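Asks: The following block contains the structure, expressed as structure tokens.
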Amino acid sequence: MWSRQYGADVLAAGSELRRRRPGQREVPKVEAERGLVVDDSEGRFCGAVVGYEKGAVTLEDRHGKRRVFPLAPAAFLLEGRPVTLIPPASGRTVQPARTASGSVAAPSARAKVARASRIYVEGKHDAELVEKIWGDDLRDVGVVVEYLEGIDDLQAIVKSFSPAPGRRLGVLVDHLVAGSKETRIAASVRSPDVLIVGHPFIDIWAAVRPSAVGIAAWPDVPPGQPWKEGVLRAIGWPPEVPSAWQRILRSVTSYADLEPELLGRVEELIDFVTVPGSA
């Protein structure tokens, strides 16, 4: 990351910033409110305001890196225009805006061209849950998520994708536990440009914390019975899978509503397909 060093007078090299010339537009003053995202005046660091003290403001970028900058006139850019940051009227320390996954939110930007690398998930519900929690992060790095409607043909799917160093593939699998069909299928795919990870739950529904949907636990469904329908009978919900899923999805508002076994695996896939050199 870029760093900046300041001398005794940070404006010495640009005295015109200290004196407003006749007819010159005054640089607006903006309170350093919670979640405000700005660039430094040289465009070398972009981050959200997280605090200030003794005439300086602290910015934190989306990766959690922090830099301290003097609260000097016209020292920052807000949506590309110079501004002077001032402490909030309340004097409180502010926190950065964050996405549903807990990452520091990136500033608004034009849509990015999608990478060649992809993330595949098993089904539509998996894809919708990933979008709800990681959608902002994925758009920021240009990664597309697609669903497969099962992984029985995973070998053929991977071969058709043609993975390569600049075209990586990450796959999220349900019920990836010792002895399962999913584990045997995943083991049959071998490529340094493919990463297959999974969670232990038989269905993505169970990766949602029970407390988030108002139940004590996800019920056990006897083998041989459709899992979703068995769950709905056991918890007393109407036997309509689509509406039940929408009810579950609405209950999820942040990463805190998901089990850690899913959180870690999705973050691992995002890291894999966005590694430097991956298109």
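The values are calculated or read from the model by the stated rules, or taken from the named source; none is laboratory data. These numbers come from a predicted model, not from an experiment. Using ideal geometry, Cβ is built from the backbone for each residue, glycine included, and neighbour counts are taken over all protein chains shown. Keep in mind that these areas ignore ligands, DNA and RNA; they rest on the heavy atoms of the full protein, side chains included. Shrake-Rupley method; radii C 1.70, N 1.55, O 1.52, S 1.80 Å.
Asks: How do the pairs read when you match residues in region 194-217 that are within 30 Å of residue 158 (Cβ to Cβ) with residues anywhere that are open to solvent by 30 Å² or more (accessible area, probe 1.4 Å) and in a loop (DSSP other than H, G, I, E, B), using Cβ under 6 Å and keeping only pairs 6 or more apart or on different chains?
Replies: Matching pairs, first to second residue: 194/163; 198/176; 200/177; 202/175; 206/218; 207/201; 207/259.
Asks: Please enumerate the residues belonging to region 56-73 that are open to solvent by 50 Å² or more (accessible area, probe 1.4 Å) and in contact (Cβ under 8 Å) with a residue 40 or more places away in the chain.
Replies: Within region 56-73, 62, 63, 65, 67, 73 qualify.
Asks: When you go through (1) at pLDDT 80 or above; (2) in contact with a helix residue (DSSP H, G or I) (Cβ under 7 Å, 6 or more places away or on another chain) one by one for residue 106, which number turns out not to apply?
Replies: Condition (1) is where residue 106 drops out.
Residues are listed down the side, and each one gets a yes or a no for (1) in contact (Cβ under 8 Å) with a residue 24 or more places away in the chain; (2) of a type in the set (A, V, I, L, M, F, W, C); (3) closer than 20 Å to residue 101 by Cα:
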site	(1), (2), (3)
142	yes, no, yes
186	yes, yes, no
219	no, no, no
225	no, no, no
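Asks: Could you go through region 164-182 and let me know if any residue there is hydroxyl-bearing (Ser, Thr, Tyr) and at pLDDT 95 or above. Explain how you work it out, then say what you get.
Replies: Restricting attention to region 164-182, the residues satisfying the condition of being hydroxyl-bearing (Ser, Thr, Tyr) are 180.
Narrowing the set further to residues that are at pLDDT 95 or above leaves none.
No, region 164-182 contains no residue that is hydroxyl-bearing (Ser, Thr, Tyr) and at pLDDT 95 or above.
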